[in-house]
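Working notes, beginning with the structure itself.
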Amino acid sequence: MRRFTLHRLWAIVLKEFIQMRRDRVTFGMMVGIPLMQLMLFGFAINSDPRHLPTALRLVDQGPYARALVAALRQSEYFAITREAASEAEAARLLQRGEVQFVINIPEDFTRRLLRGERPTVLLEADASDPAATGPALAAARTLAGSVFDRDLTGPLARLRGKPGPVDFQVHAHYNPENITQYNVVPGLMGVVLTMTMVVITALAITRERERGTMENLLATPVRPAEVMIGKIIPYIVVGYIQMTLILLAARFLFRVPLEGSLALVYVVSFAFIAANLAVGITFSTLAKNQLQAVQMAFFFFLPSILLSGFMFPFRGMPEWAQGIGSVLPLTHYLRIVRGILLKGSGPADIAPELWPLLAFLVIALLVGVKRYRQTLD
Amino acid sequence: MSDFAIDVAGVTKRFGDKTVVNAIDLQVRRGEIYGFLGPNGSGKTTFIRMLCGLLTPDAGRGTCLGFDVLRQQAEIKRHVGYMTQRFSYYEDLSIRENLDFIARIYAVPDRAAAVQRSLERLRLANRSHQLAGELSGGWKQRLALAACLIHSPQLLLLDEPTAGVDPKARRDFWDEIHQLAADGLTVLITTHYMDEAERCHRLAYLAYGQLLARGTVADVIASAKLTTWIVAGPRLRAIADALRGRAGVEQVVAFGNTLHVSGREAAQLDAAIAAVRDAGHTWTRAAASLEDVFIGLMDTARDNFA
């Protein structure tokens, strides 16, 4: 008579919901973390920084020099905040971090340009943070080729930048304006779910053991699977609420174009949420107390956020790191969600990412149930 | 159906190389209140956990409510009410929510009415919305009793239910237990209090995993064959020092203004008393008390963990 029964499952589910409602801190965490992360990642973080403080050392006052400066300003990457009178001053500004760039335009710039001697403009960058300078430098390079096309007319036309032997056309698909939020906000869904789902379930069973209520539960006819599933169901609901919050924010606050099927996102997310809950349950069978459970959750969270491609490009990592990343459910979920939301992927497109996710779920569940049974009897 | 609610033999439990419960035989009749006594760490809780299916015995056999203790643990759980030593209901749930949860787990028929009855029976009704964590010790104990009764079990296993509960609440609790036993429920209860031991129909004394004595209070006292002298008067300390170490004197214990001197060899004890006896004190030969017997048993038991 060791059958799984719905009435016992329902008893656990109800109890968990009541406890969730009473536990203000945990409840606050479940709603607060997605909101806080949305604000931080959505508004504060930008991988394509513009309007960077720039010092200008303009020795030449000719029209071409001024046209160049105007073009740099136009690019939006450079905000000229200082005029440097000397090389020494320019160097000092850079050293102190008051400016990100120094643009040196030498005194014979216009003259040499008109003579066709390819004058040098020195762009000095504080490249200690490559992510901050990269896009601006790339913009400066392309600008140099075309900036004077409008001014060099008539006999001067021969000085125009010559087209290269190959015409390199770039079409930036899915996010042509390179808006960070388009990439971050859908990804955030996976990060928030990983963070809260693992921690909450890691605590859920450890708490029963720590408070002594586990002994009582074990003395009743309730089955291990009923306890586990009963504890998971309420958090699946919570996970979907968090998802919905973020999707609403993506649509209405950050104006992320949602290309694909939201229904597909919701269906696929079930596997991802369940995988994280299974990890949490496994941790809770290993941890001796709630503090250990939280620590374990962090050990899982850190590689998830760093190696999944959420923060840094996945393909830029060495192979061993990509290997670790490929095991983590967040890596695959990010690709699926970004695929559906930004690229409009359908079920067939995401299938290659869905299998590793499901495999992870099955293994985590098996380990969790096996560990859980052992600690029960 | 057998007359025994609990009928087990040779029950043994080892944790690592420590034998915590060693080959215990126990028979408890239906409708009986059976006391389980013994020092801390004597294996009482482990034995109870084996009875209700929380632990699997390493050796032994027997039945609990007619179900095999080794194989039918699920059936046993359904018909046993187990009250743990530590309060183990949900402190963030109210009294009513706790009872409702347990009733759902056991699939109690007509749940709402059963919860209401149980609230009224243990006079919890007007506190039913209070959170369990806010209750004092006595009320927590009452909630725990209500919860382990809600599925109408045939056997109650109570592990130190009255630890840390005031005397009035203890008395109410025992009245309730006797009422339940009169209705046909079997109760196995562990305690450290001698007055509670005396309220049991029968009892067993466990030390270091061994069952050292069992029977009614009178049986246990008689089987110990202990003789006790009670000494009253001034300067008992000097008397005690003079008696200790003499042949036949096994225990010298101060009880308020009197001294209890006990030993199993009555003739030797009488001789020792005669050597120390003086006119300044009153010397009375009396029946040994249960406590004298238990302390005597504990002193003679071999501590296999030491």
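Numerical summary
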quantity: Where A:Tyr174 falls short, out of the listed (1) without any contact (Cβ under 8 Å) to a residue 40 or more places away in the chain; (2) assigned to a loop (DSSP other than H, G, I, E, B); (3) not assigned by TED's automatic domain parsing to the domain that holds A:Ala67; calculated: (1)
quantity: Scope region B:36-77; condition surrounded by 17 or more Cβ atoms within 10 Å (Cβ to Cβ), at the interface with chain A (Cβ under 7 Å from one of its Cβ atoms) and either in contact with a Pro (Cβ under 7 Å, 6 or more places away or on another chain) or not in a loop (DSSP other than H, G, I, E, B) (or both); matching residues; calculated: B:Glu75, B:Lys77
quantity: Residue satisfying condition, being outside any loop (DSSP other than H, G, I, E, B) and within 14 Å of chain B (Cβ to nearest Cβ), within set A:Met214, A:Met243, A:Met228; calculated: A:Met214
quantity: Conditions (1) at pLDDT 85 or above; (2) open to solvent by 30 Å² or more (accessible area, probe 1.4 Å); (3) among the hydroxyl-bearing types (Ser, Thr, Tyr): number failed by A:Ser146; calculated: (1)
quantity: For B:Arg86: the one exception among (1) within 19 Å of B:Thr162 (Cβ to Cβ); (2) among the basic types (Lys, Arg); (3) at pLDDT 90 or above; calculated: (3)
quantity: Of residues in region A:239-279 being touching a residue at least 60 places away in the same chain (Cβ under 8 Å) and of a type in the set (S, T, N, Q), the one most open to solvent (accessible area, probe 1.4 Å); calculated: A:Ser261
quantity: All positions within region A:287-304 that are assigned to a helix (DSSP H, G or I) and buried (at least 16 other Cβ atoms within 10 Å of the Cβ); calculated: A:Gln290, A:Ala293, A:Val294, A:Met296, A:Ala297, A:Phe300, A:Phe301, A:Pro303, A:Ser304
quantity: When residues of region A:21-44 are limited to those that are farther than 19 Å from A:Leu247 by Cβ and of a type in the set (A, V, I, L, M), the one farthest from the other protein chains (Cβ to nearest Cβ); calculated: A:Ala44
quantity: Residue within region A:249-266 that is under 12 Å from A:Pro34 (Cβ atoms) and not aromatic (Phe, Trp, Tyr) present; calculated: yes
quantity: Enumeration of residues in region B:85-120 that are more than 8 Å from chain A (Cβ to nearest Cβ) and either touching a His at 6+ places or on another chain (Cβ under 9 Å) or open to solvent by less than 20 Å² (accessible area, probe 1.4 Å) (or both); calculated: B:Ser94, B:Ile95, B:Arg96, B:Asn98, B:Leu99, B:Ala103, B:Val108, B:Ala114, B:Val115, B:Ser118, B:Leu119
quantity: Residues that are among the basic types (Lys, Arg) and farther than 28 Å from A:Arg207 by Cβ, drawn from region A:263-315; calculated: A:Arg315
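Here's the yes/no breakdown for (1) open to solvent by less than 40 Å² (accessible area, probe 1.4 Å); (2) within 19 Å of B:Leu143 (Cβ to Cβ); (3) over 13 Å from the mean Cα position of the chain (by Cα); (4) not assigned by TED's automatic domain parsing to the domain that holds B:Phe87:
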site: B:Leu157; (1), (2), (3), (4): yes, yes, no, no
site: B:Lys168; (1), (2), (3), (4): no, yes, yes, no
site: B:Phe173; (1), (2), (3), (4): yes, yes, yes, no
site: B:Leu185; (1), (2), (3), (4): yes, yes, yes, no
site: B:Thr190; (1), (2), (3), (4): yes, no, no, no
site: B:Glu198; (1), (2), (3), (4): no, no, no, no
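The values are calculated or read from the model by the stated rules, or taken from the named source; none is laboratory data. The structure presented is a predicted model; accordingly, all values stated were derived computationally and were not measured. Heads up, the Cβs are rebuilt from the backbone with ideal geometry, glycines too, and the neighbour counts pull from every protein chain shown. These accessible areas exclude ligands, DNA and RNA; they are computed on the full protein's heavy atoms, side chains included. Shrake-Rupley method; radii C 1.70, N 1.55, O 1.52, S 1.80 Å.
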